[in-house]
1. Around Ile124, what is the net charge, scoring Lys/Arg as +1 and Asp/Glu as -1 over all other residues with Cβ under 12 Å from its Cβ?
2. Over 31 Å between Cα atoms, which of Lys191/Lys270; Lys106/Lys153; Lys241/Lys265; Lys138/Lys265; Lys167/Lys265; Lys106/Lys191 qualify?
3. Would you tally the net charge around Val172, using a Cβ to Cβ cut-off of less than 11 Å, leaving Val172 out, and scoring K and R as +1, D and E as -1?
4. Expected output is a single nm value to one decimal: the length gained when fully extending between Gln145 and Ile261, i.e. 0.36 nm times separation in residues minus the C-alpha distance. What is it?
5. Among Ala225, Cys157, Gly205, whose Cα lies farthest out toward the positive end of the dipole of region 132-278, if unit charges sit on the beta carbon of Lys, Arg (+1) and Asp, Glu (-1)?
6. Along Cα→Cβ, 7 Å out, is where each label goes; now give me the distance between the ones at Thr128 and Thr113 in nm to one decimal.
7. What's the carbon and sulfur percent of region 99-216's accessible surface, probe 1.4 angstrom, rounded to a whole number?
8. Cβ under 14 Å from Ala213's Cβ, Ala213 left aside: what net charge do those residues give with Lys, Arg +1 and Asp, Glu -1?
Amino acid sequence: MSFGHGGPFDGPGGSGSTPDWEALAERSEAGARRKRWLMIGGGALAALAVAGIVATAMVLSGGSDNKPPKDIAASGSTAPEPHPSFSDVSVPPPPNPRDYITDRTKDRAPLTTATLFPDKAMVIGEHTYPRTAQSATKDCTAGTQGALGSLLKHNGCEALLRATYAKGGVAVTIGIAALDSADAAERVKAKASGNLAPLAGGHVGEAFCRGTACRMTANATGRYAYFTIAGYLDGRRVTEKSAPALQIGRDGESYAFARIIQRGKDQAAKAAQAQQQG
């Protein structure tokens, strides 16, 4: 039987029956050496690959000890957030208008009809009443009737200012008295007796509230006492049913109060402007 080409069991002639052991041993040793080099070589390549990965990781992390960046490590915390800064200069509070109608030393605006009754008409809500007369005096007894003048004088009355407004057959005279203090004004209000003298002028004649019943009021705010007397131009008596006379009396009282408050506001505004300019 023929096996074709010679193999490891063939003799030198290709047909011997005894194997060539020496040749087999050399082939086996050569194969083992190649295998060991391949294994060593493969291990070296693997080691180089691992080393490359580690080196890359170190570069990306900024160092082999994996420490934080130098500026963060040195400070130990993040940078502080900026805070708004404020000026140390304090702004004074705005002046209180009431101080200027209560404190005589601050209330320095002129006491004249031009400052207290500047409008040609009294306007309260939907009601408008033209001004017919006005008067100012430092003799507070001159514009009053009965005990009211003496009461004003004994409480340090500086001036008494009056104005009359009329419309539709009725009229009201308003009187504003400047006193020493708010306490003095309250005393006048509490003890008021007698009445404000009606002020004639224009189409308001002497018959207005002379010798007849009229609506009268007395009140106070700050260091000012204020009064009204209201009635018919023809001298008729005012009763509880006299709606026009009662209405103009109420409007006159509201207007007097508003004019005193406005006096305080005007002086406070002037003081605030002086503060800003200073």
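1. -1
2. Exceeds cut-off: Lys191/Lys270; Lys241/Lys265.
3. Charge balance near Val172 sits at +3.
4. Between Gln145 and Ile261, full extension yields 39.1 nm more.
5. Checking the options against the dipole of region 132-278, the answer is Gly205.
6. Taking the two extended label points, one gets 2.2 nm.
7. 49
8. +3
The values are calculated or read from the model by the stated rules, or taken from the named source; none is laboratory data. Since we're looking at a predicted model, the values are computed, not measured. Using ideal geometry, Cβ is built from the backbone for each residue, glycine included, and neighbour counts are taken over all protein chains shown. Just the protein is used for accessible areas: all its heavy atoms, side chains included, with ligands, DNA and RNA removed. Shrake-Rupley method; radii C 1.70, N 1.55, O 1.52, S 1.80 Å.
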